[in-house]
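> To start, I am sharing the structure in question, which I have written as structure tokens.
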């Protein structure tokens, strides 16, 4: 909105011309997301608690069970603030921005339905797992079809993606393979963030690191000069995703004010699925899907621990008659809990790993 309205006032004062600059609007989006969340967080938490929308730990771990119930469904605040902030600071006719918002809102809607069934209606399992996966698969296929046939044009073609490290090398997929590719990437990112959201502050902090990194990449990829210099695919107008990415970064940092140990509110599936979808969708739109493996390395490890644990348990049960485990508990952050690490130690150490993963992502730019 600001992009479309305020530069017209340049004749009144030259300062209004600043709103033409992507860097200014990205910084403004981050600051707005942070401030709005800090302002709205306290009344939102109070309202949720008055309505009885609270989380009661059920994982059986002593340190978690000892804490008092906290407000749930804080992801509604995150999604609302990110949406408002993006609409204020982004170019509203930009295909990348609109696609990213749709992905976030779609997955946030699925998460909201799951939270509503569990917390408000008292359905223990919430939304049936198959329905959650079906919703995310439909979204992945829809995004892929959109990019193939109706999305923003790319000089390299819609099914081409960047290869980290290799200068001027790209991965070109057949249309059918691209449909599968986008669906897998989007679902993997979405559900890995959901799996990681098990300790106060863990997933939000990692998302802030990852989305801040993708915000920088969006700015670079959206400029013809920097993308050519770094050997990346140039995507005209993709720089607007920096506004969206930094809106999420600021909002999530504001949410951490209330979600840090001991948390007063958790984001629930509404927040984790929305943020995971936003992260995966941003990677797909920037043609940086493989970079997501590096930048989101902690999320990859969390998801991998669940897959390894499940597959190994089933294999050993079939092979030896009893199921055996690789980890004491999965996802892997619960494994460290059972080893005696305090929650704060796990969260901060995983944040450090997240920063290192982001540095690896940035390093791929100079290794080309």
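> Using alpha-carbon positions, what is the distance between the centroids of the range 75-112 and the range 185-205, in Å?
18
> Can you put 49, 366, 118, 328 in order of Cβ neighbours within 10 angstrom, beginning with the fewest?
Ascending Cβ contact count within 10 Å gives the list 366, 328, 49, 118.
> Would the range 306-346 count as rounded, prolate or oblate if I go by the C-alpha gyration tensor, calling it rounded below 1.5 in a/c and otherwise prolate when a/b exceeds b/c, oblate otherwise?
Here the range 306-346 falls in the prolate category.
> Now, a different point. What's the FRET efficiency of residue 344 with residue 226 using the Cβ-Cβ distance as r and R₀ = 41 Å, to the nearest 0.05?
So, using R0 = 41 Å, E works out to roughly 0.60.
> Restricting to Cα pairs below 8 Å that are 6+ residues apart, what does the relative contact order work out to for the chain? Please round to a whole percent.
Value for the chain: 25 percent.
> Still on this structure, I have one more. At what distance in nm do the modelled label points of residue 257 and residue 154 sit from each other, each positioned 7 Å from its Cα along Cα→Cβ?
With each label point 7 Å from Cα toward Cβ, the separation is 3.8 nm.
> How far is helix 343-366 tilted off the main Cα axis of the chain, in degrees rounded to 10, range 0 to 90?
30
> Which of these values of Cα extents along the principal axes in Å was calculated from the structure shown: (i) 68, 49, 34; (ii) 52, 49, 40; (iii) 58, 50, 40?
Checking each listed value against the structure points to (i).
> Follow-up question, since we're still on this one. Mind giving me the nanometre distance, one decimal, between the label points for residue 313 and residue 184, set 7 Å out from Cα along Cα→Cβ?
Rounded to a tenth, the inter-label distance reads 2.5 nm.
> Something else about it: Between residue 31 and residue 102, what is the spin-label point distance in nm, taking each point 7 Å from the Cα along the Cα→C-beta axis?
The modelled label-to-label distance comes out at 3.3 nm.
> Tell me, what is the FRET efficiency for residue 138 and residue 166 to the nearest 0.05, using R0 = 35 angstrom and their Cβ-Cβ distance as r?
Computed FRET efficiency for residue 138 and residue 166: 0.60.
> Something else: Between residue 49 and residue 23, 0.36 nm times their residue separation minus their Cα-Cα distance comes to what?
5.5 nm
> What do you get for the angle between helix 297-320 and the principal long axis of the chain? Use alpha-carbon atoms, 0 to 90 degrees, nearest ten.
In the chain, helix 297-320 runs at an angle near 40 degrees to the longest axis.
> Calculate how steeply helix 268-285 sits against the longest principal axis of the alpha-carbon atoms of the chain, using the helix alpha-carbon long axis, and give the answer as 0 to 90 degrees to the nearest 10.
40
> Set the Förster radius R0 to 35 Å, insert the Cβ-Cβ distance between residue 328 and residue 129 as r into 1/(1 + (r/R0)^6), and round the FRET efficiency to 0.05.
The formula returns an efficiency of 0.90 here.
> Another question, if that's okay. To make sure I understand, if each residue's beta carbon is the centre and we count other beta carbons within 10 Å, what order do 306, 15 fall in, fewest to most?
Ordered by Cβ neighbours within 10 Å, fewest first: 15, 306.
Rule-based calculations on the coordinates, nothing more; no lab input. Keep in mind the model is a prediction, meaning the values are calculated, not measured. Please note: Cβ atoms are built from the backbone with ideal geometry, for glycine as well, and neighbour counts cover all protein chains shown.
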